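Trainee: Structure provided below as structure tokens; questions to follow.
The values are calculated or read from the model by the stated rules, or taken from the named source; none is laboratory data. Since this is a predicted model, take the numbers as computed values, not measurements. Don't worry about glycine lacking a Cβ; one is built from the backbone with ideal geometry, like all the others, and counts go over all protein chains shown.
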Amino acid sequence: MDFTFVVITYNHEAYVLEHLESIAFQIREHGQGCTFQLIVADDASKDQTIPLVRHWLNQHGDLFADVQIHTQATNQGTCHNYTKVWSHVRGDLCKLTAGDDVYSCENLLAEWRRLRDHDMSSGYPLHLIDGHLSWPTFFNLNMVASNRIYGRGDYMKRLLGISFNHTPSIMFSTRVLRDDAIRDFVRGFAVTEDYPMHVKMAERFAPLSFAQSPLVHIYYRRTAGSTYLVRSASFDKDKLAIFAYLRDHVARGVERVLMRNRMFCYRLRSPWARRLLNLNYLVYAARLALNGLGVWRDYAQLKPELEKHRRHYQTLRSRADAQRAAFAQASEGAAPTPLV
């Protein structure tokens, strides 16, 4: 098996077909001569996510040498759902992505092969909001800055300080999936799988190798309920727990003082106070100033072709809409119309 796509789902009926269509595009356009595995990990969705997946597979299942759908009777949280399928991955390369995001039109299979000698690699995102793609200037500029500030050093330093990374765009070595210590550590959290996983990876694989691609890998969907925008009690508990782990097991000297300050500020209710009193932002700003010219040069080299990506997304959306209409007709017992 050459490549495994893992789809993490929970109540994604409005989006999962677009995600699957973007996988189909990658395979048809760039996957010649390769074999593919598809694994769907669903956390007890209460909507039509899994029936839609099965309907789509009736049309496109021949793209995959192996298909697995893992469901469960009760919701067990993001971290358990994320890790429960690791032992089932058979591909030499693997990408885990949420079922509401979309793969871009770039040749990601070639890009991921190029980066396979690293423990982690990442691309840049486009934001997908209400069907519209946009380049998140502030976020991507700070991704460039983070790579310039931390790129030549220990990856753990990035995790201890303020840094910007885009988890849905990250691909990591399949040896992570074979490491029980990483899996068990991530399962100690409820909804925040990325930060804990990176911390444990940086511990287990030190020095961890990270590579940044200049290409757009993911169209990252943001909705009103995204964890990115909404702080839940479980999210806060996870963040404070990983901060505490870094403070007690990783940080030394000034790093420990800064982590304590970060925890104190995170507990504050005022967003402005959380930023203004956080000494970690001052340290980040100072490092940014010292690297300002290099950051600007690196950022100027990024040339996302927005119109190309928008055309790609609209094509995927049209195909997903056709699949959804066919599913609705089949559910009503009517003969489906031909798909385009």
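Trainee: Could you tell me which residue of the range 10-69 is farthest from His312 (Cα to Cα), considering only residues that are acidic (Asp, Glu) and in contact (Cβ under 8 Å) with a residue 12 or more places away in the chain? It would help to see each step written out before you state the result.
Mentor: Taking the range 10-69 and keeping what is acidic (Asp, Glu), we get 13, 18, 21, 29, 42-43, 47, 62, 66.
Restricting the remaining residues to those that are in contact (Cβ under 8 Å) with a residue 12 or more places away in the chain gives 13, 18, 21, 29, 42-43, 47, 66.
Details: Glu13: 21, Glu18: 11, Glu21: 11, Glu29: 12, Asp42: 27, Asp43: 29, Asp47: 27, Asp66: 27 Å.
Out of the qualifying residues, it is Asp43.
Trainee: With (1) over 30 Å from Leu108 (Cβ atoms); (2) in contact (Cβ under 8 Å) with a residue 40 or more places away in the chain as the list, and Val216 as the residue in question, which single condition is left unmet?
Mentor: Just one mismatch for Val216, condition (1).
Trainee: How many residues, within the range 133-175, are out of contact with any strand residue (DSSP E or B) (no Cβ under 9 Å at 6 or more places or on another chain), over 17 Å from Lys239 (Cα atoms), in contact (Cβ under 8 Å) with a residue 24 or more places away in the chain and not basic (Lys, Arg)?
Mentor: Total satisfying the criteria: 4.
Trainee: Between a first residue in the range 219-247 that is modelled with pLDDT of 80 or more and a second residue that is surrounded by 14 or more Cβ atoms within 10 Å (Cβ to Cβ) and acidic (Asp, Glu), which pairs have beta carbons less than 6 Å apart while being 6 or more apart in sequence or on different chains?
Mentor: That search, which allows pairs on different chains as well, returns Tyr220/Asp101; Arg221/Asp100; Arg221/Asp101.
Trainee: Collect the residues in the range 193-212 that are buried (at least 17 other Cβ atoms within 10 Å of the Cβ) and touching a Phe, Trp or Tyr at 6+ places or on another chain (Cβ under 8 Å), keeping them in residue-number order.
Mentor: Selection gives Glu193, Pro196, Met197, His198, Val199, Lys200, Met201, Ala202, Leu208, Phe210.
Trainee: Here is a further query. For the range 121-163, give me each residue that is part of a loop (DSSP other than H, G, I, E, B) and under 21 Å from Thr223 (Cβ atoms). Please lay out each step first, then the result.
Mentor: Narrowing the range 121-163 to residues part of a loop (DSSP other than H, G, I, E, B): 130-131, 135-136, 151-154, 161-163.
Selection gives Asp130, Gly131, Trp135, Pro136.
Trainee: Taking the stated definitions as given, is His166 surrounded by fewer than 20 Cβ atoms within 10 Å (Cβ to Cβ) and within 13 Å of the chain's Cα centre (by Cα)?
Mentor: Details: surrounded by fewer than 20 Cβ atoms within 10 Å (Cβ to Cβ): yes; within 13 Å of the chain's Cα centre (by Cα): yes.
Judged against the criteria, His166 is a match.
Trainee: Looking at the range 127-163, which of the residues that are touching a helix residue (DSSP H, G or I) at 6+ places or on another chain (Cβ under 6 Å) and under 21 Å from Lys95 (Cβ atoms) is surrounded by the fewest Cβ atoms within 10 Å (Cβ to Cβ)?
Mentor: Step by step, filter the range 127-163, then rank; the result is Tyr155.
Trainee: While we're here: Criterion first (among the charged types (D, E, K, R), under 30 Å from Pro51 (Cβ atoms) and in contact with an Asp or Glu (Cβ under 7 Å, 6 or more places away or on another chain)) does Arg311 satisfy it? Walk me through how you get there before you give the answer.
Mentor: On the way: among the charged types (D, E, K, R): yes; under 30 Å from Pro51 (Cβ atoms): yes; in contact with an Asp or Glu (Cβ under 7 Å, 6 or more places away or on another chain): no.
No: the conditions fail for Arg311.
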